[in-house]
Amino acid sequence: MQRDEEFTEEPLSNLENIYTERDDQCWGGYGGINQVSLNRNSLIIDLNPEMANQMGGYETIKITFSTDNLQFQQLQKVLQQIMQDYESKLNFV
């Protein structure tokens, strides 16, 4: 998940300046994010039907991990930068 470098300052409809990829580029695309949730051991991305189709039929992508406090704070900070101007779609649990 990353912010498009050409449109970093400008919010676009449907979050079209945020790129999400699963496994490799053939399973990726811009926008289509309904909600992003981060908790202590996972990142969950809920996708709209069009992006779910682009991701191979997955409506939800869940990434699990184990982090210490510093790594988790860094992850929060990076995610906030990616989701700048889309705070209503970002949920910290």
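The values are calculated or read from the model by the stated rules, or taken from the named source; none is laboratory data. Not measured: the values here are computed from a predicted model. Because the Cβ atoms are built from the backbone with ideal geometry, glycine has one as well, and the counts that use them run over all protein chains shown. SASA here: full protein model, heavy atoms, side chains in, ligands and nucleic acids out. Shrake-Rupley method; radii C 1.70, N 1.55, O 1.52, S 1.80 Å.
From the phi angles alone, apply the Karplus equation (6.51, -1.76, 1.60; θ = phi - 60°) to the stretch 23-30 and give each ³J(HN,Hα) in whole Hz, x where the residue is Gly or Pro.
6, 7, 4, 5, 10, x, x, 9
As a test, work out the antiparallel percent of DSSP beta bridges whose residues both lie in the chain, rounded to the nearest 5. Intermediate results must be reported in sequence, preceding the final value.
Details: 17 of 20 bridges.
Beta bridges within the chain, antiparallel portion: roughly 85 percent.
For the chain, with every protein chain kept in place, what is the accessible area per residue (1.4 Å probe, Å²)?
On the way: 5940 Å² over 93 residues.
Each residue of the chain exposes 64 Å² on average to a 1.4 Å probe.
Just the number, please: carbon plus sulfur as a percent of the accessible area of the chain, 1.4 Å probe, no ligands or DNA/RNA counted. Can you show the working numbers first?
Details: 2600 of 5940 Å².
In the chain, the share of accessible area belonging to carbon and sulfur is 44 percent.
Can you give me the distance in nm between label points at residue 21 and residue 79, each placed 7 Å from the Cα along the Cα-to-Cβ direction?
2.1 nm
Taking the chain as a Gaussian network, Cα atoms linked when under 10 Å apart, which of 48, 39, 69 shows the biggest mean-square fluctuation?
Taking springs between Cα atoms under 10 Å, the residue moving most is 69.
Kirkwood Rh, Cα Rg: Rg to Rh for the stretch 1-90? Mind showing how you got there, number by number?
Working: Rg = 12.8 Å, Rh = 13.4 Å.
On the Cα set of the stretch 1-90, Rg over Rh gives 0.95.
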